[in-house]
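Take a look at the structure set out below.
A short reminder: the numbers here are calculations on the coordinates, not readings from a lab. Computed from a predicted model, the values in this text were never measured in an experiment. Ideal geometry is used to build each Cβ from the backbone, glycine not excepted, and the neighbour counts take in all protein chains shown.
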Amino acid sequence: MTKRVIIGGLLSAALLFSTVPGLRTVHVQAAKHYKIVLIAGIASDAFYITMNHGAQAEAKAEGASVQFSGSPAAFSPGTQLPYLNAALAQKPDLILIAPTDKVALQAPINRAVKAGIPVILVDTTLANPSIAITKISSDNLKGGMAAADALAGATGKKGKVAGVSVNPGISTTDQRLQGFESELKKYPNITNIGTTYATDNPTRASTITKGLIAAHKDLAGVFAMNVVTGDGVLAGAKESGVAGKLKLVEFDAEPVQVQAVRKGQITALIAQDPYSIGQMGVKLGIQYLNGNHHLKAHYGTGEAIITSANVDSAAVKNFLYSK
């Protein structure tokens, strides 16, 4: 028997009881169908696509619906704002959003809050995240430190290394850079020649990587701080003929990256758990809508370090992204 049939039967019984003298009237209220909007940093990114899978699965279990939106072209405030404005016009019950800039998205997201729409920050955060009911992310500072340790191990704890990131002002990659630079100080024989920003453009990341390789013949390794940047760094290493020789450590675990680990072209991936972020976002959001206003300020998810030794193991299966 389906839930709809059960509820229909109860409502019929309530109507019957109310017409019989001396019997108490029964009121039955069906669970509300919540409408949720998930706004990605960039909707074409395997990380956010996997997050959406988790959100959709939880919404189905909860009897809610999730609309997945976001620019497919770029990770930037300018491309994300139209999708946020469109969501506000729809007046959903809840918004899940990955802010593309911790300052530029502060006021626009605050407009949603003032309009009475609860907001949960997923993956990235704001300069003042207290306007959201909670935030959900991996530990990006710890992830940056793990990247430094992995790169140090791959290079024999010596030589020149560089970073390639997105844009300054993004909470996650800023924290990854902070953790990376801090942890590298533990290795006196490693020289950090600095981080270059590729504006979340794989072509630019590839050009930067080829330039680093040409300018530093003794370059030992590169840390790519997100999936799109990683695609460009890997392409640059391939085009320069040093894939496998130049040690690459990258954040995220999209299919192309995972295959490159299997081929020995990427040394290690610092993989997040976007499926759980989406799943938790919907679950906690519905709890809030149902009256639980005592959520923690932050909920963390686990990370995994993926190498050729464990890439096909059950232990890291849930950390591999999907399209």
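Miscellaneous remarks
- Once backbone amide H atoms are built at 1.01 Å from N, T125 has S171, T172 as its partners under 5 Å, excluding neighbours fewer than 5 places away on the same chain.
- Sorting H216, H294, H33 from the fewest to the most surrounding beta carbons within 10 angstrom yields H294, H33, H216.
- Across region 309-323, coupling constants 3J(HN,Hα) worked out from phi with the 6.51/-1.76/1.60 Karplus curve, θ = phi - 60°, read 6, 10, 4, 9, 8, 5, 5, 10, 3, 6, 9, 8, 7, 10, 9 Hz, and Gly and Pro carry x.
- Contact order relative to length of the chain, as percent, for alpha carbon pairs under 8 angstrom and 6 or more apart: 18 percent
- Cα-based radius of gyration of the chain once divided by 2.2 N^0.38 Å, which approximates compact folds: 1.18
- Result for the chain in a Gaussian network model with C-alpha springs under 10 Å: among N85, N226, N201, the largest mean-square fluctuation is at N85.
- The amide H of T196, built 1.01 Å from its N in the peptide plane, has G163, V164, S165 as neighbours under 5 Å, considering only residues 5 or more places off or on other chains.
- Comparing mean-square fluctuations of A73, A205, A235 from a GNM of the chain with C-alpha springs under 10 Å, the top value falls on A73.
- Per residue, the chain reaches -13500 deg cm²/dmol at 222 nm when only DSSP H runs of four or more residues are counted, each adding -39500 (n - 2.57).
- Sequence-distant residues sharing a close amide H with Y299 (under 5 Å, placed H): K135, I136, S137
- Simple label model, 7 Å out from Cα along Cβ direction - N318 to V113, nm: 3.1 nm
- For region 270-284, 3J(HN,Hα) per residue [Karplus equation, 6.51 cos²θ - 1.76 cosθ + 1.60, θ = phi - 60°, Hz, x = Gly/Pro]: 9, 8, 9, 10, x, 4, 5, 4, x, 4, 5, x, 5, 4, 5
- Of the beta bridges in region 140-271, as assigned by DSSP with both residues counted there, near 0 percent are antiparallel.
- Residue order, fewest to most surrounding Cβ atoms within 10 angstrom, among D273, D252, D149: D149, D273, D252
- On Cα atoms only, tilt of 3-18 relative to the major axis of the chain in degrees: 30 degrees
- Relative to the dominant Cα principal axis of the chain, helix 202-215 is inclined by about 20°.
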